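What follows is a set of notes on a single structure, which appears directly below.
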Amino acid sequence: MKLQQKIAIVTGASQGIGLACARRLVQEGASVMLVDLRPEGADAAAQLGEQARFYRADVSQKAEVDAMVQATLDAFGRIDILVNNAGVTHAADFLDLQEEDFDRVLRINLKSMFLCSQAVARDMVKRGEGGCIINMSSVNAELTIPNQVPYVVSKGGVNQLTRVASISLAQYGIRVNAIGPGTILTELAKQAVLGSPEARRTILSRTPLGRCGEPEEIASICAFLASDDASYMTGQTLYADGGRMALNYTVPVRE
C-alpha cells in the first residue's frame with residue numbers, strides 16, 4: 001500500500017470520481033475525510049470503513065472550508081493529500097446564460113479549489129513535511145462545448161491555478177498537479193453529455209479507444225499522483241481521455 005498512514009481530504013466525494021478516489025486512497029492505506037454537501041457522503045464513508053469519515057461542507061465558502069480543515073485535523077491530526085474534486089455544470093447557450101449561473105459554477109468549480117488549497121497548504125507549510133494537492137480538471141480546459149460556458153471557463157482556470165500554486169508552493173515541498181478526464185461514466189456526465197443515444201454516439205466518435213472511462217480509472221491516476229511514485233511531478237495536468245485530445249477527425253462507433 002503506497003499511502004500507508006497518509007491523511008487525505010477528498011471534496012465532492014459522495015459519488016462518481018470523488019467517491020472512486022476516496023475508495024482508492026483508502027485501499028492504498030490512507031485515512032480519508034470525504035467532504036460533500038450531499039448527505040449520501042455519510043453512507044459512502046461508512047461503507048469505506050474505519051479509515052473514512054464524512055464532513056458536510058460547501059467548499060465554495062471560506063468559513064466552511066476552514067471548519068472542514070479543522071475537523072480533519074481534529075479527527076486525524078494532519079493532512080498530507082488534498083483532492084479538489086467538487087464540481088457542477090450548467091447548460092445554456094452563450095447568449096442566454098445568466099450571470100448568477102456563471103458565478104455559481106465558477107464559485108464551486110474554481111474558487112473552491114483556491115480556498116481548499118490555500119487552507120490545506122497553510123497547515124502543510126506549518127507542519128513542514130510537504131504534501132500533495134490534486135485538482136480535478138477536464139479535457140474541456142483545452143477543448144470546449146458551446147452550451148457549457150462556465151464549466152469550460154472554470155476548468156481552464158483550474159489548469160492555471162494548478163500551475164501557479166505548484167510554483168508558489170514548490171519551496172515548501174508541496175506538489176500540485178491536476179487530472180483532466182475525458183468522458184467518464186458518472187452521473188454528472190450522463191446528465192451533461194450522455195443524455196441520449198445521439199449524444200453518446202457523438203462522444204464515442206471522438207474517442208479512439210471506443211468507450212467512455214470509468215471513475216476507477218481516474219482514481220488510479222489520483223493514487224499515483226498522491227504517492228511517492230510521482231515525487232518529481234508538479235504543475236502538470238494528466239489527461240485521461242481515451243485519445244480524444246490527439247484526434248482531429250471522427251472514428252467509427254461500435255454498436
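Values quoted throughout were computed directly from the atomic coordinates according to the rules given, and no laboratory measurement underlies them. This is a predicted model, so every value here is computed, not measured. Methodologically, a virtual Cβ is constructed for each residue, glycine included, from the backbone with ideal geometry; neighbour enumeration extends over all protein chains shown.
Among 61-68, 12-19, 230-237, 103-110, how do they line up from the highest to the lowest mean number of other beta-carbon atoms within 10 Å?
Numbers: 61-68: 17.0, 12-19: 25.8, 230-237: 15.5, 103-110: 19.6.
Ranked by mean Cβ neighbours within 10 Å, highest first: 12-19, 103-110, 61-68, 230-237.
Measuring max minus min along each principal axis, the C-alpha atoms of segment 131-255 give extents of 50, 29, 27 Å (largest first). Here the peptides 77-83, 204-210 are ranked by packing, the mean other Cβ count within 10 Å, and the order with the highest first is 77-83, 204-210. When Cα extents along the principal axes in Å is computed from the coordinates, the matching label among (i) 56, 44, 39; (ii) 51, 40, 37; (iii) 46, 39, 38 is (ii).
Computed from the C-beta positions of V164 and A46, the FRET efficiency with R₀ = 41 Å rounds to 0.65.
With the convex hull of the Cα atoms taken as the outline of segment 187-255, the averaged projected area works out to 5.9 nm².
The Rg/Rh ratio of segment 21-161, with Rg taken over Cα atoms and Rh as the Kirkwood radius over Cα pairs, comes to 1.00.
When each pair of different Cα atoms in segment 128-170 is counted once in the 1/r mean, what is the Kirkwood radius in angstroms, to one decimal? Present the calculation step by step, with values, prior to reporting the outcome.
Working: mean 1/r = 0.0876 Å⁻¹.
Roughly 11.4 Å, rounded to one decimal.
Restricting to bridges with both residues inside segment 118-255, how much of the DSSP beta-bridge set is antiparallel, in percent to the nearest 5? Beta bridges within segment 118-255, antiparallel portion: roughly 0 percent.
With one equal scatterer per alpha carbon and no solvent term, the Debye-computed log10 I(q)/I(0) for segment 32-115 at 0.24 1/Å reads -1.20.
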